[in-house]
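Everything on this sheet refers to the single structure shown next.
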Amino acid sequence: MKLKSLALAALLSIGAVAAQAAPLKVGVVPGAYGDAANVAAEEAKTQGLDVEVIEFSDWTTPNVALASGDIDLNFFQHVPFMENAEKQTGYKFAAVSPGILANLGLYSLKHNSFDEIPDGGSVAIANDPVNQGRGLLLLQKAGLIKLKDDVGFLGSVDDITENPKHLKFTEVEGPQLVRITGDVDLAQGYPHFIVAAGTFDPTSGLLYSGIEDKQFAVNFVSRDDNKDDPRIAQFIQIFQNSQAVKDQIDSSFAHSDKLYILAWEAK
């Protein structure tokens, strides 16, 4: 019996060591988040933490992979987006710590001001809940539309109550907005995707959001059942304290502080 107990203890010890040795798998999207995570992963290796950064091309698969256990953490979404995904799918996630607040912009490659946008002009906005609402709030701030009272960031095009320029909306997957900006009169834009695409100046936006949008900072998100994984805590600590990571983020946002905020440092 004693031998069996010792054998069981040995197996448990081996299992714990193996779990600790397993790489921390972090899901990202291309651009600022992926680039920053890769820099942090390189630094983590020097501190004995093996991190595998896995890139996804859309805003759905990183949550599918997290929920299924294929990855341990993802870094691409803000809390309202996460909460909407949980509501729609039943996922049980945890926002472990804030990362980057990417300021949203309204861009036009055809006009120099909102006044120049013609009657019946075309506007491209994100097609997913929350990010569409965030874009509509910025359009309302610009004076182009009016939304139903108190609809907030959950608003959709159906919640527009006033549209004096009779703007026509095209709903597009968020990362793809940069590709069609030149085809419309105005587009919701994410500066880090614009920097990555290199197609036009990310600092040329007609209007940007700011710290008032702190709730939209991209967070490190885990499953609720692994939020206390010490590897996650170590990786986030490295990320938030690394000058190399901060330098990479600054580069990803064209060295312009009007395009981003380090949310963990923001008051």
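The values are calculated or read from the model by the stated rules, or taken from the named source; none is laboratory data. What you see is a predicted model; the values in this text were computed from it and never measured. Cβ sites come from the backbone with ideal geometry, for glycine too, and all protein chains shown count toward neighbours. Calculation scope for accessible area: heavy atoms of the full protein, side chains included, ligands and nucleic acids excluded. Shrake-Rupley method; radii C 1.70, N 1.55, O 1.52, S 1.80 Å.
Table for the structure above
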item: Sole exception among (1) out of contact with any Lys or Arg (no Cβ under 9 Å at 6 or more places or on another chain); (2) at pLDDT 95 or above; (3) open to solvent by 20 Å² or more (accessible area, probe 1.4 Å); (4) more than 30 Å from Y91 (Cβ to Cβ) for E171, by number; result: (4)
item: L177 vs. criteria in contact (Cβ under 8 Å) with a residue 40 or more places away in the chain, closer than 17 Å to L109 by Cα and either touching a strand residue (DSSP E or B) at 6+ places or on another chain (Cβ under 9 Å) or assigned to a loop (DSSP other than H, G, I, E, B) (or both); result: yes
item: Positions within segment 109-161 being polar (S, T, N, Q), open to solvent by less than 40 Å² (accessible area, probe 1.4 Å) and closer than 30 Å to F75 by Cβ, in sequence order; result: N131, Q132, S156
item: Filter result (of a type in the set (A, V, I, L, M) and in a loop (DSSP other than H, G, I, E, B)) within segment 146-166; result: V151
item: Lone unmet requirement of (1) of a type outside the set (K, R); (2) within 21 Å of Q215 (Cα to Cα); (3) in contact (Cβ under 8 Å) with a residue 12 or more places away in the chain for H166; result: (2)
item: Any hit, segment 89-102, residues being farther than 21 Å from D229 by Cβ, of a type outside the set (G, A, S) and open to solvent by 10 Å² or more (accessible area, probe 1.4 Å); result: yes
item: Number of the condition not met by N241 [criteria: (1) loosely packed, with under 15 Cβ neighbours inside 10 Å; (2) touching a Phe, Trp or Tyr at 6+ places or on another chain (Cβ under 6 Å)]; result: (2)
item: Residue within segment 189-196 that is open to solvent by 50 Å² or more (accessible area, probe 1.4 Å) and modelled with pLDDT under 95 present; result: yes
item: Pairs with Cβ under 6 Å, 6+ apart, first in segment 218-242 and more than 15 Å from E52 (Cβ to Cβ), second charged (D, E, K, R); result: D224/K92; S242/E43
item: Test: residue in segment 204-218 that is modelled with pLDDT under 95, open to solvent by less than 40 Å² (accessible area, probe 1.4 Å), farther than 17 Å from L24 by Cβ and charged (D, E, K, R); result: yes
item: Enumeration of residues in segment 249-258 that are open to solvent by less than 50 Å² (accessible area, probe 1.4 Å) and either more than 17 Å from G34 (Cβ to Cβ) or part of a helix (DSSP H, G or I) (or both); result: I249, D250, S252, S256
item: Unmet requirement for G205, which otherwise passes all of (1) touching a Leu at 6+ places or on another chain (Cβ under 7 Å); (2) assigned to a helix (DSSP H, G or I); result: (2)
item: Top-ranked residue of segment 133-145 - restricted to ones that are of a type in the set (A, V, I, L, M, F, W, C) and part of a loop (DSSP other than H, G, I, E, B), ranked as nearest to D159 (Cα to Cα); result: I145
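Residue by residue, here is whether (1) farther than 21 Å from G135 by Cα; (2) under 15 Å from the mean Cα position of the chain (by Cα); (3) free of Cβ contacts under 8 Å to residues at least 24 places away in the same chain; (4) open to solvent by 40 Å² or more (accessible area, probe 1.4 Å) holds:
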site	(1), (2), (3), (4)
K45	yes, no, yes, yes
T60	no, yes, yes, yes
A65	yes, no, no, no
H78	no, yes, no, no
